[in-house]
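Have a look at the structure below, then the notes.
The values are calculated or read from the model by the stated rules, or taken from the named source; none is laboratory data. All values derive from a computational prediction rather than experimental measurement. No Cβ is skipped: glycine too gets one built from the backbone with ideal geometry, and neighbour counts run over all protein chains shown. Accessible surface is based on the protein model in full, side chains and every heavy atom, while ligands, DNA and RNA are left aside. Shrake-Rupley method; radii C 1.70, N 1.55, O 1.52, S 1.80 Å.
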Amino acid sequence: MRMQNPLWRFTGVRPTAWLFFAFLYVPILVLVALSFNGGQSATIWESFSLKWYTVVANDPEIVRAAKNSLIVATFATLIATALATLAALGMRGRAFRGQTLMSGVLGLPLLVPEIVTAVATLMFFAFIGLKLSLFTILIAHVVFCIPFAYLPIRARLEGMDPRLAEAAADLYASPWKAFWKVTFPLLMPGVLSGAMLAFIISMDDFVITYFVAGAGATTLPVYIFSSIRMGISPKINAISSIILVISIAFVALSYYVGQRKR
């Protein structure tokens, strides 16, 4: 007979847990529901309609912000994933001096508060005289996306049998050929998982982007923040719902791909 978690035996734990999850997710569900509201109010339901999704699709400012987000996220993902893959491969081999320090540096962006990273990055760009633009957003996104891409790749590498590469070498395969024919195909699920995770992290980021974005370099999260300062519009519910669905899809797909056994 399977034993229950002893934590649930304490009085009040279950109601507290349900209250916690309700506090987190009920507002999100309400936001998604109100995105289909046909009225002019962002908080009062009137009728079912796809009106605000049509408004979002035809708004040139939103489309421009979405394009900026996609451009930055795409290039940041490609660069961050490539660097993360090289880092994971380099960290997998024989131990070297400073390896522990290097591992800590790779994971540091996950521990440092985003506001600290944002201010430090802005000061760095100001120090070197680099004008704020989409390019500065891209640089910042690459840096903080590397750990998110690195972790799934590193986890995949640790689960691979090193004897496979050794067997390829015994069959006279060069190190480069063994990598492309054996290691990389086995590593691909981790690479894809890390890339999707980095993409959605870049798409959703607001704090760092807000600090390092220049004029005309507005992304979707920054656009949403700028819009709600003048009042909440029903189209914000629609934009937020679209971002939510994309985020959930990418995170779920990243988890599924990362768990695949080949």
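Any idea which residue in region 205-262 is farthest from the chain's Cα centre (by Cα), counting only those that are within 14 Å of Ser69 (Cβ to Cβ) and not in a helix (DSSP H, G or I)?
Gly216
Which pairs do you get when a residue that is in contact (Cβ under 8 Å) with a residue 40 or more places away in the chain and more than 13 Å from Ala84 (Cβ to Cβ), found in region 99-114, comes within reach of a residue that is assigned to a helix (DSSP H, G or I) and of a type in the set (Phe, Trp, Tyr), reach meaning Cβ atoms under 9 angstrom, with the pair 6+ apart or on two chains?
Glu114/Phe144
Taking into account only those residues within region 1-43 that are in a loop (DSSP other than H, G, I, E, B), surrounded by 12 or more Cβ atoms within 10 Å (Cβ to Cβ) and touching an Asp or Glu at 6+ places or on another chain (Cβ under 9 Å), which is modelled with the lowest pLDDT?
So in region 1-43, the residues in a loop (DSSP other than H, G, I, E, B) come out as 1-5, 10-12, 35-36, 38-43.
Next cut, surrounded by 12 or more Cβ atoms within 10 Å (Cβ to Cβ) only: 35-36, 38-39, 41-43.
Right, trim to touching an Asp or Glu at 6+ places or on another chain (Cβ under 9 Å) and you get 38-39.
Numbers: Gly38: 84, Gly39: 81.
Selected residue: Gly39.
Which residues, counting only those in region 44-88, are in contact with a helix residue (DSSP H, G or I) (Cβ under 7 Å, 6 or more places away or on another chain) and at pLDDT below 85?
Trp45
Go over the candidates Ala126, Ala118, Ala140 one by one and state the one that is part of a helix (DSSP H, G or I), open to solvent by 60 Å² or more (accessible area, probe 1.4 Å), small (Gly, Ala, Ser) and on the phi < 0 side of the Ramachandran plot. Talk me through it step by step, then tell me what you get.
On the way: Ala118 fails: open to solvent by 60 Å² or more (accessible area, probe 1.4 Å); Ala140 fails: open to solvent by 60 Å² or more (accessible area, probe 1.4 Å).
Answer to the check: Ala126.
Quick one: what pairs do we get from region 55-71, first residue more than 22 Å from Ala42 (Cβ to Cβ), second open to solvent by 70 Å² or more (accessible area, probe 1.4 Å), C-beta under 8 Å, 6+ apart or different chains?
Within 8 Å, no pair qualifies.
Being open to solvent by 60 Å² or more (accessible area, probe 1.4 Å), among the charged types (D, E, K, R) and farther than 17 Å from Thr85 by Cβ is the filter here; which residues of region 162-213 pass it?
Of everything in region 162-213, those that are open to solvent by 60 Å² or more (accessible area, probe 1.4 Å), among the charged types (D, E, K, R) and farther than 17 Å from Thr85 by Cβ turn out to be Arg163, Glu166, Asp170, Lys177, Asp204.
Restricting the search to region 10-51, which residues are closer than 19 Å to Ser240 by Cβ and β-branched (Val, Ile, Thr)?
Answer for region 10-51, where residues must be closer than 19 Å to Ser240 by Cβ and β-branched (Val, Ile, Thr): Val26, Ile28, Val30, Val32, Thr43, Ile44.
Could you say whether any residue in region 218-234 is open to solvent by 60 Å² or more (accessible area, probe 1.4 Å), without any contact (Cβ under 8 Å) to a residue 12 or more places away in the chain and either in contact with a helix residue (DSSP H, G or I) (Cβ under 9 Å, 6 or more places away or on another chain) or of a type in the set (Ser, Thr, Tyr) (or both)? First the steps, then the outcome.
Of region 218-234, the ones open to solvent by 60 Å² or more (accessible area, probe 1.4 Å) are 225, 228-230, 232.
So of that shortlist, the ones also without any contact (Cβ under 8 Å) to a residue 12 or more places away in the chain come out as 228-230.
This time we only want the ones that are either in contact with a helix residue (DSSP H, G or I) (Cβ under 9 Å, 6 or more places away or on another chain) or of a type in the set (Ser, Thr, Tyr) (or both), so: 228.
Yes: region 218-234 contains one or more residues that are open to solvent by 60 Å² or more (accessible area, probe 1.4 Å), without any contact (Cβ under 8 Å) to a residue 12 or more places away in the chain and either in contact with a helix residue (DSSP H, G or I) (Cβ under 9 Å, 6 or more places away or on another chain) or of a type in the set (Ser, Thr, Tyr) (or both).
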